[in-house]
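One structure is given below, encoded as structure tokens.
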Amino acid sequence: MKIIAFAASSSKNSINKKLATYAASLFDNAQVEVLDLNDFEMPNFSVDVEVQIGQHQMAQAFLNKIASADVLVVSMAEHNGNYSATFKNIFDWCTRIQKEVFQHKPMLLMATSPGGRGGASVLEIAKAAFPRFGTELKGVFSLPNFNDNFNEENGVISNPEFDKELKDIVANF
């Protein structure tokens, strides 16, 4: 089984990338590839830019990565209660090539943040929208207070209750 994992963030030290990497590691017998959205940098999407340059090759490259997966593990960064600009831009470019960006792949959808809501706003937006773009949500997980509940040195959730919750989601995937 191949897992494509990514954080919907461009941060080099993304806490969501750390969470996605940990979650992907919980799947048995999986080959995991963790994407960095910085590798898919494109100009800001607009119809005018699309008319000038056509479909961007990096959007197709991202779609190809999704196509190679059996399972998607995605952790959403929350910027002012919504998607990060980087993720939204990649997503917008991709939808111009293929509306069903997630290509009917099962997904573990997550979010974390330093605050007590754990990215709840962006998680709700993604949970409502992503099925319309071709994903089958198999689990949704939020980790609040990242700095208190994640051991960055070991790369694991340190809070036993949250760790069990995520492990149960993966076990029932």
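Just so you know, all these numbers are worked out from the coordinates, no wet-lab data involved. All figures in this text were calculated on a predicted structure; none of them were measured in a lab. Heads up, the Cβs are rebuilt from the backbone with ideal geometry, glycines too, and the neighbour counts pull from every protein chain shown.
A compact table of results
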item	result
Approximate spin-label separation R96-N44, in nm, with each point projected 7 Å along Cα-to-Cβ	1.4 nm
Net charge dipole size for the stretch 1-42 [Lys, Arg +1 and Asp, Glu -1 on Cβ; Debye, nearest 20]	140 debye
18 Å Cα-Cα reach of K138 towards aspartates and glutamates, excluding residues that sit fewer than 8 places from it in its own chain	D28, D70, E100, E124, D163, E165, D168
Relative contact order (percent, whole number), the stretch 80-149, Cα cutoff 8 Å, 6+ residue spacing	39 percent
The chain, helix-only ellipticity at 222 nm - DSSP H runs n ≥ 4, -39,500 (n - 2.57), divided by all residues, nearest 500	-11500 deg cm²/dmol
Neighbour net charge for A129 - beta-carbon separation under 15 angstrom, K R +1, D E -1	-1
Dimensionless Rg/Rh of the chain - Kirkwood Rh, Rg from C-alpha atoms	0.96
Extreme residue, positive dipole direction of the stretch 1-121, given options Q52, F102, A7 (C-beta unit charges)	A7
Relative contact order %, the stretch 2-171, counting alpha carbon pairs below 8 Å whose residues are six or more apart	23 percent
Within straight-line cross-link reach of K99, lysines at Cα separation under 17 Å, skipping those fewer than 8 residues along the same chain	K65, K88, K127
Residue-span extension gain [A128 to N151] - 0.36 nm each, minus C-alpha spacing	5.3 nm
Amide N proximity, the stretch 89-115 versus V34 label position 7 Å along Cα-to-Cβ, cut-off under 19 Å	108-114
Within the stretch 1-85, chymotrypsin sites (Phe, Trp or Tyr not before Pro) in DSSP loop having at most 13 other beta-carbon neighbours inside 10 Å	none
Base-10 log of normalised Debye intensity for the stretch 103-173 (one unit scatterer per alpha-carbon) at q = 0.14, 0.16, 0.20 Å⁻¹	-0.46, -0.59, -0.86
Top of D48, D92, D39 by mean-square fluctuation, Gaussian network on the chain, Cα under 10 Å	D48
Cα-centre dipole for the chain with unit charges at Cβ (Lys and Arg positive, Asp and Glu negative), debye to 20	300 debye
Sparsely packed GluC sites (Glu not before Pro) within the stretch 65-157, loop by DSSP, other Cβ within 10 Å at most 11	E153
Rounded FRET efficiency, nearest 0.05, which uses the C-beta distance separating N64 from H104 and R0 of 25 Å	0.95
